[in-house]
1. Taking LEU417 as the residue in question, decide whether it is under 18 Å from LEU221 (Cβ atoms), in contact (Cβ under 8 Å) with a residue 40 or more places away in the chain and within 16 Å of the ligand (Cβ to nearest atom).
2. For segment 151-243, give me every one of the helices (runs of 4 or more DSSP H) that falls completely inside it and has 1 or more residues that are at pLDDT 90 or above, more than 24 Å from the chain's Cα centre (by Cα) and aliphatic (A, V, I, L, M).
3. For the list (1) hydrophobic (A, V, I, L, M, F, W, C); (2) within 21 Å of ILE315 (Cβ to Cβ); (3) in contact (Cβ under 8 Å) with a residue 40 or more places away in the chain, I need the number of the one condition that PHE141 fails.
4. Going by what's in this entry, would SER377 be described as within 16 Å of the ligand (Cβ to nearest atom) and within 21 Å of THR230 (Cα to Cα)?
5. Test each condition in (1) over 20 Å from the mean Cα position of the chain (by Cα); (2) under 18 Å from LEU386 (Cβ atoms) for SER79 and report the one that comes out false.
6. Please determine, by comparing only the residues of segment 312-344 that are more than 12 Å from PRO92 (Cβ to Cβ) and among the polar types (S, T, N, Q), which one is farthest from the chain's Cα centre (by Cα).
7. Looking only at segment 307-339, count every residue that is of a type in the set (Val, Ile, Thr), within 16 Å of the ligand (Cβ to nearest atom) and touching a Leu at 6+ places or on another chain (Cβ under 8 Å) and tell me the total.
8. Specify the residue that is farthest from SER222 (Cα to Cα); the eligible residues are those in segment 316-357 that are in a helix (DSSP H, G or I) and among the charged types (D, E, K, R).
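The values are calculated or read from the model by the stated rules, or taken from the named source; none is laboratory data. Here the structure is a predicted model, which means the values were calculated and not measured. When we count neighbours, we look across all protein chains shown, and the Cβ atoms used for this are built from the backbone with ideal geometry, even at glycine.
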Amino acid sequence: MENKRPSWTSKYAFIITTIGSAVGLGNIWRFPYVMGQNGGAVFLAVYILIISTICFIPLLNELYIGNSTKKECIGAYESINPKLGFLGALNPLTGVLIASFYVVVGGWIINYIFRSILSYKITDYGEYFISFIQQPFYSCFLTILFLFICIFFTARGVKKGIEAANKFLMPLLAVLLIFLVINSLRLPNADIGLEFMFKPDFSKLNSHLLLSALGQAFFTLSVGMGALLTYGSYIKEDKNLVKSVYTIILSDTAFALLAGVMIFPAVFSFNMEPNSGAGLVFVTLPKIFSQIPYGHLISFAFFILLFSAAVTSAISIIECPCATLIEQLKISRVKACIILFFIISLIAIPATLSFGNLENIKIFGKTIFDTLDFLTSNIMLPMNTLILCLISGWYLKIKGYNLLNNKISGLFFDVGLKYIVPIALAGLIFMGLR
Ligand code: PFF
């Protein structure tokens, strides 16, 4: 079985698929609204500080463990110590849970693509959004359609499916983003939006902002659920992982910044609120699109962009449990994908319905969708990363110098892996549980 493991065709394929995993709803949907809610530029300043200093540590660590063990999550943890398999299993489990709410938002995107093509008139965008996500059959159909598209690419395999999808969708995403940024910057009063993003007011700094920036940074880089471990295990020989890690972080940050530059000038140009939360992309932006020339075309381009970002990330989320099923149960990829399609649907359908028929079902005061989001983003992702950092730093005693070939950054890696990142993650989990 082991020598039949798939691998990337080239280093470019590895980098583009990993960037595809990182750049997702986290960059284009979540990042702008979290920044909008946390005072704009001051959030950005803290976020950049975090992402350019400590984030490379868990990212490099996860890719390194995948690349050196050449196994999926359970196998990788077991090869470190046979008793650790159950901790490895938390990763694909997290993947299944994240996929189950990610595909719900993916379904909403498909609806807005349809709507842009049909370009029918809407009078109240807020009301429209609420009413369509409450329609049980239609919204479940959209969720399943999005899941099916992602499973389809995963089932086609690492080279023909995952690589091929990323090689097509990621350049498309970049071109559309640049087109939309130029468009946004040409709107009247675009500079007010840029000021909101780039002129920090440090009096707004607080501990909640710090932890939000930390949570956003880890989520957007895809660390903590074995997606990177699995992608790292498909690298043929030991490539220069450090260079790849910097490329991934730089690209992910560039995409998030460009998403902000695409959204905020438009929001301020139309006198709208930057802090409308999750509805920023699904309510505020469509409202703006309806007021600009060729708005339906711009709207179509934007939602195709969001779709491309969401699909390439969702594929990486699904690939982690898929690889585990294939290698642990020794079944074919297609069989593993069919099993995952049913398991994820089983959780994603109640999550979709939790905006309508099932809205009264609450788990600790949260709807099913919110519980999945909260449990994975605030607890499971940081916990899995914490566990892997502790294993690498304290049990395997990985030395930064061997990975980075530089004394100073090697030492920073060692201290980060053993102390700084675990403390930051424990803070995140604590904040989540409060
Ligand atoms: N990084 C993705 C995003 O920004 O949307 C989300 C994600 C993908 C999280 C893969 C975790 C993961 F393993």
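1. Considered against the rule, which asks whether it is under 18 Å from LEU221 (Cβ atoms), in contact (Cβ under 8 Å) with a residue 40 or more places away in the chain and within 16 Å of the ligand (Cβ to nearest atom), LEU417 comes out as no.
2. Result: 164-185, 190-198.
3. (3)
4. Details: within 16 Å of the ligand (Cβ to nearest atom): yes; within 21 Å of THR230 (Cα to Cα): yes.
In short, yes.
5. The number of the failed condition is (2).
6. Taking the candidates together, the pick is SER332.
7. Step one: filter segment 307-339 for residues of a type in the set (Val, Ile, Thr), giving 311-312, 315, 317-318, 324, 326, 331, 334, 338-339.
Subsequent filtering for residues that are within 16 Å of the ligand (Cβ to nearest atom) retains 311-312, 315, 317-318, 324.
Applying the additional criterion that residues be touching a Leu at 6+ places or on another chain (Cβ under 8 Å) yields 311-312, 318.
Residues flagged as of a type in the set (Val, Ile, Thr), within 16 Å of the ligand (Cβ to nearest atom) and touching a Leu at 6+ places or on another chain (Cβ under 8 Å) within segment 307-339 amount to 3.
8. Result: LYS335.
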